[in-house]
Amino acid sequence: MTKYTKDQGPQFFHQQAKSALADKQLRQNFRGAMDYLRDKRRSAFPDPAEEKNIRELAEAIRQRCLSKLPDLLEQLEENCKHNGIQVHWAEDAEQANYIIANIARLHNAKTIVKGKSMVSEEIELNHEMEKIGIECLESDMGEYIVQLDGDKPSHIIMPAIHKNKQEVSDTFEHNLENFTPTLDVDALIQTGRSRLREKFRDAEIGLSGVNFAVAETGTLCLVENEGNGRMCTTVPDVHIAITGIEKVVEFLSDVPPLYSALTRSATGQAITTYFNMITSPRRSGELDGPEEVHLVLLDNGRSQAYRDEEMRKTLQCIRCGACMNHCPVYTRIGGHAYGTVYPGPIGKIISPHLMGLKQTKDLVTASSLCGACDEVCPVRIPIPELLQRLRYEAKNPPKPGNEEIDGQKAAANSTERMAMKGFAYAATHPSLYHSGTYAATKLKALIPSNLGPWTQCRTAPKPADKTLHQLMKARK
């Protein structure tokens with residue numbers, strides 16, 4: 001099984017993709033899972049007109065909220081504080097981990113039980129807390145499975161989608177005492193639940209992500225299917241929510257349209273099993289809930305995307321994963337090959353802002369630009385257009401009016417630049433161009449059959465016997 005480890009990353013994309021393509025079991029697992037998810041999404045949008053209206057409304061809401069983002073973040077902070085939620089700002093992963101570590105130290109915490117949070121993956125929270133002796137236990141079933149296996153999530157919605165029943169059973173057998181191997185899905189799920197139940201009661205801190213943060217009311221909305229998120233946010237005495245700064249929405253009324261677009265695009269559901277709305281710590285007279293709620297708002301490169309009006313569209317994402325499920329690249333190699341927290345089409349446009357183009361320059365070219373991601377994105381992010389711009393900026397300085405991205409020109413190649421300048425010169429001087437194409441028809445037998453990466457999947461091109469100019473001249 002192809003895995004992402006601390007030693008791998010996006011700079012090794014080509015090797016990792018090659019390994020994934022050679023893994024027959026991995027490709028079989030993904031083929032079945034992706035076909036299933038595409039069918040579910042299709043059935044969730046039976047009426048094309050309704051789908052169009054939902055996507056346009058969701059896009060409009062996200063663009064409106066992003067246009068007011070600085071003001072909405074201040075409003076969110078003010079209302080959260082009014083409700084008793086403590087708000088913390090983190091410029092990068094290091095600051096976010098420092099904030100969470102300090103909260104844990106104040107409460108002498110030894111265990112953090114986590115609901116699903118891609119931002120916590122982004123800052124490598126589990127690894128950083130382990131350094132100071134704090135155990136972080138994943139409670140989402142998919143996250144729990146990959147954590148037991150020393151693995152990483154391969155999908156932002158379904159972390160263990162790269163594993164089949166047999167592989168999950170093997171993971172439990174190797175990591176859990178007194179487990180009897182089984183291929184019964186219900187039995188596997190019950191095994192995980194029974195092992196996690198005590199952890200919810202014992203953990204001093206529960207941590208979650210945030211799907212939507214409502215500026216109008218200071219409410220944190222959390223979407224889930226398993227109930228583990230609700231356990232993490234109500235049973236421990238302290239709840240820490242961590243989210244990117246782009247997740248804020250203006251009004252509570254903005255949430256239902258986005259919720260509908262998210263659930264139908266992600267898993268083909270009209271509504272998830274649980275929808276949590278957290279507005280304050282436990283109040284007087286309430287029987288459950290945490291005594292403290294903390295909200296950590298993370299930038300980590302998002303402001304760089306925000307400053308550029310075109311790249312700002314990247315921040316519209318509501319993390320549904322539909323672009324991955326329909327991408328011909330992701331569906332064949334899976335998430336680990338990318339070496340990033342956010343894989344697939346959305347990862348290829350957001351990772352350059354989080355990690356810089358120097359590390360991610362190969363990812364922006366890992367696309368056929370077929371437009372499938374654009375067709376299914378519930379908030380209509382123009383992913384192919386943004387990829388084309390990132391491809392340009394990986395090799396060139398920014399165009400006038402565009403923000404410079406960290407790592408700009410990282411993929412610049414002097415040989416390639418000289419070759420393109422030479423071609424441009426020839427193409428704008430007809431006599432030289434026609435002489436070159438005529439020579440190519442006469443010397444075509446000398447063209448090698450191996451032309452590097454181009455011929456890994458293709459037959460080497462052979463010039464025609466006559467140039468187009470010759471053929472048209474013969475036709476008079």
I'd like the GluC sites (Glu not before Pro) in the range 175-260 restricted to DSSP loop residues with at most 12 other Cβ atoms within 10 Å, sorted by number. GLU177
Of ILE103, SER435, THR267, which is farthest on the positive side of the dipole of the chain, counting Cα position, with +1 on Lys and Arg Cβ, -1 on Asp and Glu Cβ, and the Cα centre as origin? SER435
So for R0 = 25 Å, FRET eff. of GLU78-LEU287 from the Cβ-Cβ r, to 0.05, ends up at 0.30
1/(1 + (r/R0)^6) with r = Cβ-Cβ of GLN190 and GLU135, R0 = 30 Å, i.e. FRET efficiency to nearest 0.05, evaluates to 0.85
The range 316-321 - phi-based ³J(HN,Hα) in whole Hz, Karplus 6.51/-1.76/1.60, Gly and Pro as x: 5, 3, 10, 6, 8, x
Dipole moment magnitude, nearest 20 debye, the range 52-303 about Cα centre, only Lys, Arg, Asp, Glu C-beta charged: 580
Is there a quick way to get the dipole size of the chain? I mean about its Cα centre, with the Cβ of Lys and Arg at +1 and of Asp and Glu at -1; what is the value in debye to the nearest 20? 3140
Above-threshold pairs, the threshold being 20 Å between Cα atoms, out of LYS52/LYS313; LYS163/LYS348; LYS131/LYS163: LYS163/LYS348; LYS131/LYS163
Could you size up the charge dipole of the range 228-356 around its Cα centre, putting +1 on the beta carbon of Lys and Arg and -1 on that of Asp and Glu, and report it in debye to the nearest 20? 520
Under the Karplus relation with 6.51, -1.76 and 1.60 and θ = phi - 60°, whole-Hz ³J(HN,Hα) for the range 155-161, x at Gly and Pro, equal 8, 6, 9, 10, x, 9, 5
Given 136-142, 238-244, 301-307, 347-353, the highest-first ranking by average Cβ count within 10 Å works out to 347-353, 238-244, 136-142, 301-307
Determine ³J(HN,Hα), in whole Hz, for all residues of the range 53-70 in sequence, where each value follows from phi through the Karplus function 6.51 cos²θ - 1.76 cosθ + 1.60 and θ = phi - 60°; x replaces Gly and Pro. 5, 4, 5, 5, 5, 5, 4, 4, 5, 5, 5, 4, 5, 5, 5, 10, 3, x
Modelled FRET efficiency - R0 22 Å, HIS434 with LYS462, Cβ distances, 0.05 increments: 0.70
Those Cys residues of the chain for which no other cysteine Cβ falls under 4.7 Å: CYS65, CYS80, CYS136, CYS221, CYS232, CYS317, CYS320, CYS327, CYS370, CYS377, CYS457
Counting sequence-distant residues (5 or more places) and residues on other chains, those with an amide H built under 5 Å from that of GLY244 are LEU298
Taking the reciprocal of mean 1/r across every pair of different Cα atoms in the range 52-303, the Kirkwood radius in Å is 18.9
Where q = 0.10, 0.11 Å⁻¹, what log10 of I(q)/I(0) comes from the Debye formula for the chain, counting one point per Cα? -0.79, -0.94
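Here, each number is a calculation from the coordinates, and none is a lab measurement. Everything numeric in this text was worked out from a predicted model, so none of it was measured. Note: ideal-geometry Cβ built from the backbone for every residue, glycine included; neighbour counts use all protein chains shown.
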